[in-house]
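Trainee: My questions all concern the structure below.
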Amino acid sequence: MRVALSADQLDDALDQAQREAGSAFGNADVFLEKYVQRARHIEVQLLGDRQGNIVHLFERDCSVQRRHQKVVEIAPPPI
């Protein structure tokens, strides 16, 4: 992941991400997304069976991350 906070940073960030993806995965394809500062990572979990029954297992906040990996999950989310 690379963040470009201005248009003039975009080319360098894109080049870095493509080189890293190509080296790590053998494919330099990347996705571009809008960067949202102070975002929250909220997950929901659903459990279903073949008869169409679905149970909602509530939300959890997974915003505490290190290197884009979850470190802490808080349920229910405080917000």
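Throughout, read-outs are computed from the coordinates displayed, never taken from laboratory work. What you see is a predicted model, and the numbers here were worked out from it, not measured in a lab. Cβ atoms come from the backbone with ideal geometry, glycine included; neighbour counts cover every protein chain shown.
Trainee: Classify region 23-64 as rounded, prolate or oblate from the Cα gyration tensor: take a ≥ b ≥ c as the square roots of its eigenvalues, call it rounded if a/c is under 1.5, otherwise prolate when a/b beats b/c and oblate if not.
Mentor: It comes out oblate by the Cα gyration axes.
Trainee: With springs only between Cα atoms under 10 Å, which of Gln18, Gln51, Gln65 fluctuates most in a Gaussian network model of the chain?
Mentor: Fluctuation is largest for Gln51.
Trainee: Does region 3-42 come out rounded, prolate or oblate by the C-alpha gyration tensor, with a ≥ b ≥ c the root eigenvalues, rounded set by a/c under 1.5 and, if not, prolate when a/b is larger than b/c and oblate if not?
Mentor: Oblate is the answer for region 3-42, as a/c is 1.5 or above yet b/c matches or exceeds a/b.
Trainee: Could I ask something else about it? Given the alpha-carbon gyration tensor of the chain, what are the semi-axes of its equivalent ellipsoid in whole angstrom, ordered largest first, with each equal to the square root of 5 times an eigenvalue?
Mentor: In descending order the semi-axes read 33, 18, 12 Å.
Trainee: DSSP loop (so not H, G, I, E, B), at most 10 other Cβ within 10 Å: list which GluC sites (Glu not before Pro) in region 1-53 pass both filters.
Mentor: Numbers: sites: Glu20, Glu33, Glu43; in loops: Glu33.
Passing both the DSSP loop test and the Cβ count: Glu33.
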